[in-house]
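Beneath this line is the structure, given in C-alpha cells, with notes to follow.
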Amino acid sequence: MQRRHFLKNTLKTAGLGAAGIAAAPFVSTAKAQETITWDMVTSWPKNFPALGTGANDFAARIERLSAGRMRVRVHGAGEMVPPLEVFDAVAAGTAEMGHSASYYWRGKLAASQFFTAVPFGMNTTETNAWLYHGGGQELWDEVYAKHNLKPFPVGNTGTQMAGWFKKEINSLEDMQGLKLRLPGLAGEAMNRIGVTTVNMPGSEIFTSLQTGVLDAADWVGPYNDLAFGLHEVADYYYTSAWNEPSAILEGTVNLDAWNELPDDLKAVVTEAARASNLAMISEFAFRNAQALDTLVDEHGVQLRSFPEDVMAALHEASKEVIQEQVDDDADSAKVYESYIAFQKLVRRFSDVGEFAYLKAREQVGA
C-alpha cells in the first residue's frame, strides 16, 4: 500500500510553542520533544456547532492526553477535501484522520449505514451498549479494515428530528413527489413511499430549500437546525424521530497510520474518542433543549408528527430496504444480525426502565 502519510508525517522535532502549550497544559517545555502531527478532514463547516466543534474537541483531547506527543490539525469541509470524500481521503492516506458520519458511504460500503443510524432501531444508550459491550465495535473494525480504516464512535447527536417541511403532511398522499434531503437507510425507505431523496452536505440545505431544489430536509436537531436558519425557509418541523433514533458520529484513522502508532498513543486515541462521544451526547441534550424553545417561542415554528399512515408505510419500507440489503451483502447481514439481536436483548429493559419512567412522568405531570 502507499505510505504517503509516513513520508508526510515523519516525527517533527520542535517545541510546542504558545498555542500548543495552551492546548496541552500538562506538558513542560523540558518534555516538549518529538511530536507526531496528523491531519483530520471533516464533513462539517469549520467550527460548526457540536459537529465541527466536536472534531476540534476530539483533536484537543488527543493532544492533551498524549502530553503533547501527538497533534491533530483539523480541516473543515472543503479545506482539504470535499465534505463527502472524507472516507476516500483517509483510506488513501491523504489525511490520517476523518470526522464524519458513516452512512454517507453507503455507495462504497453498504454495511457502513448500520454504524450511523437504523430506522426504528436503537436509541443512543442502547447503541453505545452494542458498540462497547455487544460486539458492535469489533464488527465495525472488521468491515472497515477492508478499506484500510480504523473506526471509532466520537459523538452522537441523540434522537434526531424527522425534518423540515414546507407544507403540512396530513396523509401519505401528501408525501408523494416531495424532494427531500435524507441520507442512509431512512432515505431509501422514503423513496419506497413516493418521496425522492437526495444526499447533500449540510451547508447546501438552506439554499436548496430556499430555491425550491428541496421541498423538505432532514438535518440533525434543534441546535444545528437553528444554526443553519432552516426555520427561515420551512414552517413545519416534524418530531417523528423514526429515521435516526440515534446518530453516531464517526472518527476514522488510516489503518497504516494506526498500525504505526505505539500502543500508548493508540490508547490515547481510543480514550479520547470515548470521552468525545460522551461530551457530544451531553452537549446535544442541553443545546437541543435551548434551541427548541427558541424555535418555537421566538420564531413560531410549528411542531408536527407524521400521521399514522405515513409512519406505518415508513416502517414497512424500512424493513424491506434493510432485508434487501442484508440479502445482497454479506457484511450487512453479519452486522445487522448482531445489531438486531442486541436490540431485542436490551428492548425488554428499555421498555420497563426508561420508557416506563417517561410514561409515568408524563402521567403525573412531573
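Things worth noting here:
- The combined condition, being β-branched (Val, Ile, Thr), closer than 18 Å to Ala217 by Cα and open to solvent by 30 Å² or more (accessible area, probe 1.4 Å), is not fulfilled by Thr125.
- Boolean, Gly155 is buried (at least 24 other Cβ atoms within 10 Å of the Cβ), within 25 Å of Gly187 (Cα to Cα) and not charged (D, E, K, R): yes
- Pairs are defined by a Cβ separation below 8 Å, a sequence spacing of at least 6 or placement on different chains, a first member in the stretch 349-366 that is in contact (Cβ under 8 Å) with a residue 40 or more places away in the chain, and a second member that is charged (D, E, K, R); the pairs so defined are Ser350/Glu126.
- Unmet criterion (only one of (1) without any contact (Cβ under 8 Å) to a residue 60 or more places away in the chain; (2) touching a helix residue (DSSP H, G or I) at 6+ places or on another chain (Cβ under 9 Å); (3) over 24 Å from Asn199 (Cβ atoms)) for Val41: (3)
- Ala356 meets each of the listed conditions (1) at pLDDT below 95; (2) in a helix (DSSP H, G or I) apart from (1).
- Check on Arg287, in contact with a strand residue (DSSP E or B) (Cβ under 9 Å, 6 or more places away or on another chain) and either open to solvent by 70 Å² or more (accessible area, probe 1.4 Å) or assigned to a helix (DSSP H, G or I) (or both): no
- Some residue of the stretch 313-334 being closer than 26 Å to Ala50 by Cα, out of contact with any Cys (no Cβ under 8 Å at 6 or more places or on another chain) and either of a type in the set (Asp, Glu) or open to solvent by less than 60 Å² (accessible area, probe 1.4 Å) (or both): no
- Residue within the stretch 333-349 that is modelled with pLDDT of 95 or more, β-branched (Val, Ile, Thr) and in contact with a strand residue (DSSP E or B) (Cβ under 7 Å, 6 or more places away or on another chain) present: no
The values are calculated or read from the model by the stated rules, or taken from the named source; none is laboratory data. Quantities reported herein were computed from a predicted structural model and do not represent experimental measurements. All Cβ positions, glycine included, derive from the backbone under ideal geometry; neighbour counts span all protein chains shown. These area figures cover heavy atoms from the full protein model, side chains too; ligands, DNA and RNA do not enter into them. Shrake-Rupley method; radii C 1.70, N 1.55, O 1.52, S 1.80 Å.
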